[in-house]
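The values are calculated or read from the model by the stated rules, or taken from the named source; none is laboratory data. What you see is a predicted model; the values in this text were computed from it and never measured. For neighbour counting, all protein chains shown are included, and Cβ atoms are generated from backbone atoms with ideal geometry for every residue, glycine included. In case anyone asks, the SASA skips ligands and DNA or RNA and just uses the protein heavy atoms, side chains included. Shrake-Rupley method; radii C 1.70, N 1.55, O 1.52, S 1.80 Å.
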Amino acid sequence: MTRHVLVLGGTTEARELAAVLAARPGVRVTSSLAGRVSRPGALEGDVRIGGFGGAAGLADWLRAQRADAVVDATHPFATGITANAASATAATGLPLVVLRRPGWQAAAGDRWHEVASLTAAAELLPTLGRRILLTTGRLGLAAFAHLDGQHFVVRSVERPTPPMPPDVELILARGPFTVADELALLREHRIDVLVTKDSGGTATAAKLTAARQLTLPVVLIRRPPLPPDVTPVPDVLSALNRLGLNSP
Ligand code: NAP
């Protein structure tokens, strides 16, 4: 009997998991993307794009598609879909595996200021510097829109839309980035503060190493909490184990 696994995606780990599951005999995988990125990379298995219509819509989809399990492999800051996945799996009685790459940990020499939100980051910035590298994604710029004394270098995959700060220089780029890339960027733009979410993983961690080497302060936005009773797994192998699909 075929097992149908829904992978809520938008991350590298979701893509890797989909590829492993698609290659498993007796497994059907459907990856779901929000549709925020205009040209998402190719994915193994079936793909659906766009919101489900809240937790109830997701539960309807799971029933209609005869899903057997859900893996929430979304970004650590995608709190809406994670809450919906918890509600919809509770409503349908399906197992939920939450795959979250571990957060970043400070190393010797780091000058991190850890905050709980974009708003808290914006409050702190005027005390830390004037030339800021902002890598928090194109959707959160409104939190910084009132800061008119700072020069922002905003790096994002897709072009951001207003509201945003008045003095913005935009760099459209997609990781992975090397430490050499990041050192060059920080020096070229004479950055004195880096702002980032605690996304974790290796693809975008080089900026933290570069900031350490240049002794720059970093404002690190900590992850929002997971829904109650959710114990995440840190990688694709652990997700397969949790699904009971660790051997081909
Ligand atoms: P969010 O705030 O958690 O979700 C808002 C709504 O978007 C959800 O309620 C859902 O709509 C829809 N949605 C989100 N992810 C979906 C998915 N994988 N499949 C189908 N619908 C989805 O999400 P977000 O922070 O905007 O992130 C959107 C996507 O971008 C996520 O898939 C995430 O993995 C990826 N991403 C996010 C970030 C970030 O910093 N937040 C960074 C990198 C990648 P309905 O209620 O209508 O179902």
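In region 212-248, what count of residues is obtained for those that are in a helix (DSSP H, G or I), without any contact (Cβ under 8 Å) to a residue 60 or more places away in the chain and of a type in the set (A, V, I, L, M, F, W, C)?
1
Please specify each residue of region 200-226 satisfying the condition of being at pLDDT 95 or above, open to solvent by 20 Å² or more (accessible area, probe 1.4 Å) and within 21 Å of the chain's Cα centre (by Cα).
Ala205, Thr209, Arg222, Arg223, Pro224, Pro225, Leu226
Kindly indicate whether Gly57 is modelled with pLDDT of 95 or more and near the ligand (Cβ under 10 Å from one of its atoms).
Against the criterion (modelled with pLDDT of 95 or more and near the ligand (Cβ under 10 Å from one of its atoms)), Gly57 qualifies.
Can Thr161 be described as of a type in the set (S, T, N, Q) and either part of a helix (DSSP H, G or I) or within 30 Å of Asp235 (Cβ to Cβ) (or both)?
no
Which of the residues spanning region 37-59 are of a type in the set (A, V, I, L, M) and crowded, with 18+ Cβ neighbours inside 10 Å?
Leu43, Ala55, Leu58, Ala59
Working only within region 10-36, note down all residues that are open to solvent by less than 40 Å² (accessible area, probe 1.4 Å), within 11 Å of the ligand (Cβ to nearest atom) and either farther than 22 Å from Ala78 by Cα or out of contact with any helix residue (DSSP H, G or I) (no Cβ under 7 Å at 6 or more places or on another chain) (or both).
Thr11, Ala14, Thr30, Ser32, Leu33
Looking only at region 60-97, filter to residues that are away from the ligand (no atom under 13 Å from the Cβ) and within 30 Å of Ala203 (Cα to Cα); which one of those is surrounded by the most Cβ atoms within 10 Å (Cβ to Cβ)?
Here the residue is Val97.
Among the numbered conditions (1) part of a loop (DSSP other than H, G, I, E, B); (2) modelled with pLDDT of 95 or more, tell me where Pro40 comes up short.
Among (1) part of a loop (DSSP other than H, G, I, E, B); (2) modelled with pLDDT of 95 or more, the lone unmet condition for Pro40 is (2).
Mind listing just one residue for me: the one in region 127-147 that is open to solvent by 60 Å² or more (accessible area, probe 1.4 Å) and modelled with pLDDT of 95 or more and, of those, farthest from Asp167 (Cα to Cα)?
Checking each candidate, the answer is Thr127.
Got at least one residue in region 155-166 being surrounded by 14 or more Cβ atoms within 10 Å (Cβ to Cβ), closer than 18 Å to Val219 by Cα, among the hydrophobic types (A, V, I, L, M, F, W, C) and out of contact with any helix residue (DSSP H, G or I) (no Cβ under 7 Å at 6 or more places or on another chain)?
no
Pick out the one residue from Val37, Val7 that is touching a residue at least 60 places away in the same chain (Cβ under 8 Å) and within 21 Å of Ala83 (Cα to Cα).
Val7
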